[in-house]
Each structure stands twice: as structure tokens, then as C-alpha cells.
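Below: the structure, in C-alpha cells.
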Amino acid sequence: MHAQHQEKSEMKKALMLLTLVAAAAGAAQAGTYAVRQESSCPIVSAGELAQAIQRAGKVNNLDLPKDMQLRGELHCAAEGRRYVYTFRASIEKQVSDGEQLRWAPVAHVTGFGSTGGRTALLRQVGFTVSDVIRQEP
């Protein structure tokens, strides 16, 4: 039963990631920047994380060309009543290695700590995104 639940959870994460990448690709065509995110944190939904990342980008006037994206990875684990988290934000550029395309980070910041709730965690996500935007090449 546990393996089946884990498999469903992984499939749900993969589908969520594909949906977000497709949505980000559409947003990039509209003249905004693409956001790609991953999360394994049960206290923050994918939508809440996307909103926090987008909000920080707007506040900091982030304007990336179509071959660049903002990437966020949030991971957390319960430790008693608190959650220990790691959030990595990076700005990536699409580069070509011969015939293959890949995303290469050009700026990145990792924030970590512990929190008792979603609001404080999302505030830290915003701070980390702001920090990586300040590094933009």
C-alpha cells in the first residue's frame, strides 16, 4: 500500500511539473519569463509556490529573454511541529552542447532553515528569489 501511495505521489509530481513547464513556455511567448519549479513540501501547494516565485520576480522587475528561465526547488521535512526546508532558486540559460540543448545555471542561491508554517516559508522563498535576481548576469 505504501509503495502504491508513493507511486501515485510521484506521478502527481511529474504531471504537475509537466503542466507548469507547459504553462511557463506559454508565458514566455507572451513576453514574460518562464518559471520551472519542483517541490516535495507538504505544507505548500504548487500554486502557492508558483505565486510566491512570480510575485518576487515582479517586485524585482525580472525580465529574462526567452532562452532563460527562473527555477525553484523546494524540499522540506517534518521535524516535530516544525518543518526543515531547503529552497534553491536559480536563473538558467538554455545552451547547446552540439546537438543537445540543456539548461545551465548562471546564478543561484540556496536558502534553508526551519519554520512552523506556510506563510513564513513562502516569505523565505520570496527572499531567496530576490537574492538570485540581484545576481542576474
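The residue that is farthest from Val125 (Cα to Cα), among those in segment 28-82 that are surrounded by 13 or more Cβ atoms within 10 Å (Cβ to Cβ) and among the β-branched types (Val, Ile, Thr), is Thr32. Restricting to segment 89-137, name every residue that is under 21 Å from Cys41 (Cβ atoms), open to solvent by 40 Å² or more (accessible area, probe 1.4 Å) and out of contact with any strand residue (DSSP E or B) (no Cβ under 8 Å at 6 or more places or on another chain). Arg118, Thr119, Arg123 - these are the residues of segment 89-137 that are under 21 Å from Cys41 (Cβ atoms), open to solvent by 40 Å² or more (accessible area, probe 1.4 Å) and out of contact with any strand residue (DSSP E or B) (no Cβ under 8 Å at 6 or more places or on another chain).
Does Ala14 meet the test of being farther than 25 Å from Thr110 by Cβ, open to solvent by less than 70 Å² (accessible area, probe 1.4 Å), modelled with pLDDT under 55 and of a type in the set (A, V, I, L, M, F, W, C)? No.
Remark: pairs (first residue in segment 45-69, closer than 22 Å to Gln94 by Cβ; second residue open to solvent by less than 20 Å² (accessible area, probe 1.4 Å) and of a type in the set (D, E, K, R); Cβ separation under 6 Å; 6+ apart in sequence or on different chains) = Gln69/Glu92.
Results for (1) modelled with pLDDT of 95 or more; (2) at negative phi; (3) charged (D, E, K, R); (4) assigned to a loop (DSSP other than H, G, I, E, B), shown as yes or no for each residue.
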position: Glu38; (1), (2), (3), (4): no, yes, yes, no
position: Val44; (1), (2), (3), (4): no, yes, no, yes
position: Leu49; (1), (2), (3), (4): no, yes, no, no
position: Pro65; (1), (2), (3), (4): no, yes, no, yes
position: Gln69; (1), (2), (3), (4): no, yes, no, no
position: Ala78; (1), (2), (3), (4): no, yes, no, no
position: Ser96; (1), (2), (3), (4): no, yes, no, no
position: Trp103; (1), (2), (3), (4): no, yes, no, no
position: Gly111; (1), (2), (3), (4): no, yes, no, no
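Consider Glu73 carefully, then state whether it is at pLDDT 90 or above, within 11 Å of the chain's Cα centre (by Cα) and charged (D, E, K, R). Judged against the criteria, Glu73 is a match.
The values are calculated or read from the model by the stated rules, or taken from the named source; none is laboratory data. Because the structure is a prediction, the values reported are computed rather than measured. Using ideal geometry, Cβ is built from the backbone for each residue, glycine included, and neighbour counts are taken over all protein chains shown. Ligands, DNA and RNA are excluded from the accessible area calculation, which covers all protein heavy atoms including side chains. Shrake-Rupley method; radii C 1.70, N 1.55, O 1.52, S 1.80 Å.
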